[in-house]
Amino acid sequence: MATSATLPRQATEIDAALRQCASGDKIALKRIYEAESARMLGVAQRLLKRRALAEEAVQDAFVLIWRHAARFDPERGSGLTWIYAILRNRALSILRDEKRTETSDTPVAEETASEEDDPETVMSKLSDAKALRACLEQLPEQRRSLVLLAFVQGLTHGELAERVKLPLGTVKSWIRRSLLALKECLG
């Protein structure tokens, strides 16, 4: 168990390791893995309830940490917070995917949406989900784009705000209102 004196040092070490990862240092990623993987597995297992899925979430999180280390900004928060946000987002994506496969044997979209797709392309791929598509089409275009970017590409509210050049509070409220509208529309 980390004491309050070791926690700031550990956080500083994670921040430094993330900066090193951003410049291609694989040893730095290994240090993060050794320091946090067991705890990350516990967090993921609490969210996902299955060890295999938790291990997948941790593995995916480390791939994302490696790929996106340059996006880490210590001015916006600690490295620990950043890596656990990645883990949480990945675990929630896996959970959503698991729930989708449990409830239906048929895919929602004819093709799988990719990260390169823009929101309108994703929208066109939802041909089998007519009710969802109809409800999404009722949303204003900019709000619909935010929802699709958040759920298809897994972007955080902060990443969305940065991408569309809107205040964070506006993005959060638009997504919340859009999700409520979708829930009401889908009954």
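The values are calculated or read from the model by the stated rules, or taken from the named source; none is laboratory data. What you see is a predicted model, and the numbers here were worked out from it, not measured in a lab. Quick reminder, even Gly has a Cβ in these numbers, built from the backbone with ideal geometry, and neighbours come from all protein chains shown. Ligands, DNA and RNA are stripped out before the accessible areas are found, and what is left, the full protein with its side chains, is counted by its heavy atoms. Shrake-Rupley method; radii C 1.70, N 1.55, O 1.52, S 1.80 Å.
A few points about this structure:
- Potential lengthening between A85 and A38 on full extension [0.36 nm per residue; Cα-Cα distance subtracted]: 15.3 nm
- For the pair L95 and D25, a Förster radius of 22 Å applied to the C-beta separation gives a FRET efficiency near 0.10, rounded to the nearest 0.05.
- Model label sites at R50 and Q138, defined 7 Å from Cα along the beta-carbon direction, differ in position by 3.4 nm.
- Modelled label positions at Q59 and E75, each set 7 Å beyond Cα in the direction of Cβ, lie 3.7 nm from each other.
- Summarising the amide proton neighbourhood of T156: residues at separation of 5 or more, or on other chains, whose placed amide H is nearer than 5 Å comprise an empty set.
- Working note: Karplus 6.51/-1.76/1.60 with θ = phi - 60° gives segment 71-84 the couplings 7, 5, 10, x, 6, 9, x, 7, x, 4, 4, 5, 5, 6 Hz, where Gly and Pro are set to x.
- In the context of the full protein assembly, W82 retains an accessible surface of approximately 50 Å², using a probe radius of 1.4 Å and ignoring ligands and nucleic acids.
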